[in-house]
Structure formats: structure tokens, C-alpha cells
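To keep things clear, I will list the structure first and then write my remarks on it.
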Amino acid sequence: MRFTKDHEWVELDGDVATIGITGYAADQLGDVVFVDLPAVGKDVRAGEALAVVESVKAASDVFAPISGAVTAANGALADAPETVNDEPEGAGWFVKIKVSDRGAVGALMNRESYEAFLATL
């Protein structure tokens, strides 16, 4: 699993990456009440808004950590957005993307580097 400074995570399986937000991000948001995900087939670019998460505190953009085409969106979050809080790095995933540049995933932080980054916040 790899991480961004914007608190997204990426898990690569072949040329498909699963993307979600970290436990830290979920804790900062508070209780998630709605998740707006992109349509399957949408092309996304690293750094662009990928999804919107609404919580009792605020609405926040989730940025694409890598570029590619959306191959799946986690439709279960429509009925159970609290899954993002309960299992942010598991069942609370947002999308799967067919990666256009696998090397971009390797450039993201590993868990140790991400935890060191969190210690600076």
C-alpha cells in the first residue's frame, strides 16, 4: 500500500489500483454521510479531484493519486457511507483505476514514510 500527503492510499494489483482515504483522513473528517464517486470509464489525472466526501463536519475533495481510467466504483458506499470510517483502508475503498503509469505508484510514500509524515502534522 502507498500513500499521498493528501491522505489517499493506493493498493496496486497488476495494472489496477484500488484507491481510498486513510484512517487519518477518515478520523479528521468525522462521520461520513455521503460519498460522490466518479463514473466507470472516466479518465482521471493525478492531482485532480476524484471524489467528494461529505461528513458531519465538511465536504472534502479526494484527489487522484495516480492517472488512469476508472474501472470500478464502490457502489456499496451509497447505502453505507459510514464504511469509510469503519474500514477506510479496506471495504471503504472508493475506486479502482487501470493505471496508465505503474511507476507513479512506486513514487508514493510507503507506510513507514507516511507514518513519519503524520508525526509532523
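Since every read-out is calculated from the coordinates, none of them should be taken as a lab result. None of the values given here were measured: they were computed from a predicted structure. In this analysis, Cβ positions are derived from the backbone assuming ideal geometry, glycine residues included, and neighbour counts consider all displayed protein chains.
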Q: Can you bin segment 66-121 into rounded, prolate or oblate? Criterion: square roots of the alpha carbon gyration tensor eigenvalues sorted a ≥ b ≥ c, rounded for a/c under 1.5, prolate for a/b above b/c, oblate for the rest.
A: oblate
Q: Please give the contour-minus-distance gain from residue 33 to residue 76: 0.36 nm per residue of separation, less the Cα-Cα distance, rounded to one decimal in nm.
A: 14.2 nm
Q: Compute the relative contact order of segment 2-118 as a whole-number percentage, counting only Cα pairs closer than 8 Å that sit 6 or more residues apart in sequence.
A: 32 percent
Q.
About the Cα centre, and with charges only on the beta carbon of Lys, Arg (+1) and Asp, Glu (-1), how big is the dipole of the chain? Nearest 20 debye, please.
A. 400 debye
Q) For semi-axes √(5λ) of the Cα gyration tensor in Å, the listed values are (i) 20, 18, 11; (ii) 28, 13, 12; (iii) 40, 20, 12; which was obtained by calculation from the structure presented? A) (i)
Q) Tell me, what HN-Hα J-couplings in whole Hz come from the Karplus equation 6.51 cos²θ - 1.76 cosθ + 1.60 at θ = phi - 60° for each residue of segment 70-82, using x for Gly and Pro? A) 5, 9, 7, 10, 7, x, 4, 5, 5, 8, 9, x, 5
Q.
Taking R0 as 22 Å, what FRET efficiency do you get between residue 43 and residue 105 from their Cβ-Cβ distance, rounded to the nearest 0.05?
A. 0.80
